[in-house]
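The values are calculated or read from the model by the stated rules, or taken from the named source; none is laboratory data. This one's a predicted model, so the numbers in the text were calculated from it and none came from an experiment. Neighbour counts are summed over all protein chains in view; Cβ atoms, including those assigned to glycine, are modelled from backbone coordinates with ideal geometry. In case anyone asks, the SASA skips ligands and DNA or RNA and just uses the protein heavy atoms, side chains included. Shrake-Rupley method; radii C 1.70, N 1.55, O 1.52, S 1.80 Å.
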Amino acid sequence: MTDNGAPTRSSGAEEPGVDARLPATVRIAGVVLRRMESPPSLACWTGYFPEPKGAVETGMSLVIEPAAPPEEATLHFAHDVVSHFDVFVDQALEYCRTRLRESHFELTTEELSWLDLPELPLAVPEATVWADQTWAIRFTESRLRLADPYGILVTFDGRQPVDVEGLDDER
């Protein structure tokens, strides 16, 4: 998708395990997503937001299941996510600040105190958008135990965070 919302798909050299009928790249609001090798049942494009030199890379993935080129509605939805990503990250952080205090997350006293810091111990956000227009932000780095080793996932319903879960090995 171009920055003005028009979809941009291009083909390119095919990689093993990648369906030749699917576009090799998808451009969404300045983010170039490249098709990744995936099981035949789904299509996945992944890329990184343009960042200033020295900044941490912020990633995005678009997942279509069953495998097919992305539909216009999905591309427009993904464009909205990319265009407002900083706002959504801030919402996800505040959502985590509130929700992670719940007892079922079993944070230690020290971890709970981190929720009162100006900057939460959550970093390197990545967005994943699915064809059904559900999506999530995964914070890939965190000092919280429940995030080890895969991070914290905040699921959105449209523009609002609705769930948070730790992606540790034990849950």
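Odds and ends about this structure:
- Under 5 Å, built H, 5+ apart or other chain: amide partners of Leu33: Val26, Arg27, Ile28
- Separation of the stretch 113-171 from the stretch 82-107 is 7 Å, based on Cα centroids.
- Tail weight of P(r) past 13 Å, computed on alpha-carbon pairs of the stretch 42-110, percent: 76
- In sequence order, calculated HN-Hα J values of the stretch 88-95 (Karplus, 6.51, -1.76, 1.60; Hz; x Gly/Pro): 5, 5, 4, 4, 5, 5, 5, 4
- Dividing the C-alpha radius of gyration of the stretch 50-171 by 2.2 N^0.38 Å, with N its residue count, gives 1.10.
- For Ala68, the residues whose modelled amide H falls within less than 5 Å of its own, excluding neighbours fewer than 5 places apart on the same chain, are Ala43.
- Residue order for Arg99, Arg34 - accessible surface, 1.4 angstrom probe, largest first: Arg34, Arg99
- Here the dipole of the stretch 45-114 is about 120 debye; that uses its Cα centre as origin and unit charges on the Cβ of Lys and Arg (positive) and Asp and Glu (negative).
- Placing unit charges on the Cβ atoms only, positive for Lys and Arg and negative for Asp and Glu, gives the stretch 31-151 a dipole magnitude near 180 debye about its Cα centre.
- Backbone phi angles across the stretch 132-137, fed through the Karplus curve with coefficients 6.51, -1.76 and 1.60 (θ = phi - 60°), yield HN-Hα couplings of 7, 6, 8, 6, 8, 10 Hz in residue order; Gly and Pro are listed as x.
- What the Kirkwood sum gives for the stretch 53-92 is a hydrodynamic radius of 12.0 Å, with every pair of different alpha carbons counted.
- Per the Debye formula on identical point scatterers at the alpha carbon atoms of the stretch 120-171, with no solvent, log10 I(q)/I(0) at q = 0.27 Å⁻¹ is -1.00.
- Phi angles of the stretch 107-112 translate, via the Karplus equation with coefficients 6.51, -1.76, 1.60 and θ = phi - 60°, into HN-Hα couplings of 6, 6, 4, 5, 4, 4 Hz per residue; Gly and Pro are given as x.
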